[in-house]
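These notes are about the structure you will find just below.
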Amino acid sequence: MKIYLAMDDTDSLNSRGTGKLARATGAEIAKEFHVDGISRHQLFVHEDIPFTSHNSCAVIHIEARERDDKEWIFETAKECMLNDFIDGSDPGIAVACADEILPPLIAYGRDAQKIVLNQEKARTLAANLGIRLEGLGGTEDGVIGTMAGLGLAKGGNDGRYLMCGKIRDMSGPADVETLLEGGIDAVYTVDGHIVRDGRIIIKEGKSAKPCPVDGRKILFVEKIDGQFHAVKRG
């Protein structure tokens, strides 16, 4: 049973980011269920939308045992978020089983990358689809991006992974074999070639940033002066 837990607007300009909170929350959830990954999704940047630095949301991908597990997942994540509440933030949280994320929500996620949306639309959509959505403080505007995150994550072709497998534990240049063993499904050049072996150049102190593509974790690279360099997308 695939379950998605999304969060947004959990930070301020001077605080830790939503990605860091998502990873900490994922670690708590992983004590009970397998966390397949945590993805970041870029939303619309516009002067009418309050955001801290990039206006992105985070989604935790969880392999649960049954539908009712989403209640424990929600409460665990909610507790993590409230325990690390940042003054000035406007967090939202939502949870849904994969089969509850229907086409209208996937379309809403795409809209959130192109136009300005509001809480009413997010809350109405959640109510109509039976998705548990809550604001956890401030203006609660985070419910907008939180719902978008569910749709974008389920679509399987958006954003990039903040965490998957052991990738975040590895930093700097790495062999393709090591990256595949660490949790990446495949390495492709941006112009269409699969890379089966060799060394991938990743900045020292940084980890590879694969992207969700049709349900797979794909690392994109580009060839520069005869070497494959990891590309950051999403």
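The values are calculated or read from the model by the stated rules, or taken from the named source; none is laboratory data. Model, not experiment: these values are computed from the prediction. Glycine also receives a Cβ, built like all others from the backbone with ideal geometry; neighbour counts cover every protein chain displayed. Only protein heavy atoms, including side chains, enter the accessible area calculation; ligands, DNA and RNA are left aside. Shrake-Rupley method; radii C 1.70, N 1.55, O 1.52, S 1.80 Å.
See the values below:
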item	result
Matching residues, segment 130-160, being out of contact with any Asp or Glu (no Cβ under 7 Å at 6 or more places or on another chain) and within 21 Å of Asp214 (Cα to Cα)	Met147, Ala148, Leu150, Gly151, Ala153, Lys154, Gly155, Asp158, Gly159, Arg160
Checklist (1) within 18 Å of the chain's Cα centre (by Cα); (2) farther than 23 Å from Cys164 by Cα applied to Cys80, failing item	(2)
Segment 149-173: number of residues that are buried (at least 21 other Cβ atoms within 10 Å of the Cβ) and free of Cβ contacts under 8 Å to residues at least 60 places away in the same chain	2
Test result for Tyr161, within 12 Å of the chain's Cα centre (by Cα) and among the aromatic types (Phe, Trp, Tyr)	yes
One residue from Arg233, Arg168 being of a type in the set (D, E, K, R), modelled with pLDDT under 95 and not in a loop (DSSP other than H, G, I, E, B)	Arg168
Matching residues in segment 21-51 - criterion: being at pLDDT 90 or above, touching an Asp or Glu at 6+ places or on another chain (Cβ under 9 Å) and farther than 25 Å from Val213 by Cβ	Leu21, Ala24, Glu28, Glu32
Residue among Arg216, Arg196, Arg233, Arg160 that alone is farther than 18 Å from His41 by Cβ and among the basic types (Lys, Arg)	Arg196
Scan of segment 175-194 for residues that are open to solvent by less than 10 Å² (accessible area, probe 1.4 Å) and either over 23 Å from the mean Cα position of the chain (by Cα) or modelled with pLDDT under 95 (or both), ordered by number	Val176
Residue in segment 142-159 that is nearest to Gly19 (Cα to Cα), counting only those that are of a type in the set (Gly, Ala, Ser) and not in a helix (DSSP H, G or I)	Gly159
Some residue of segment 197-206 being of a type outside the set (Asp, Glu) and touching a residue at least 40 places away in the same chain (Cβ under 8 Å)	no
Subset of segment 77-128 [in contact with a Ser or Thr (Cβ under 7 Å, 6 or more places away or on another chain) and closer than 18 Å to Leu5 by Cα]	Ala77, Cys80, Met81, Asp90, Pro91, Gly92, Ile93, Ala94
Exclusive hit being in contact (Cβ under 8 Å) with a residue 60 or more places away in the chain and open to solvent by 40 Å² or more (accessible area, probe 1.4 Å), set Gly215, Gly234	Gly234
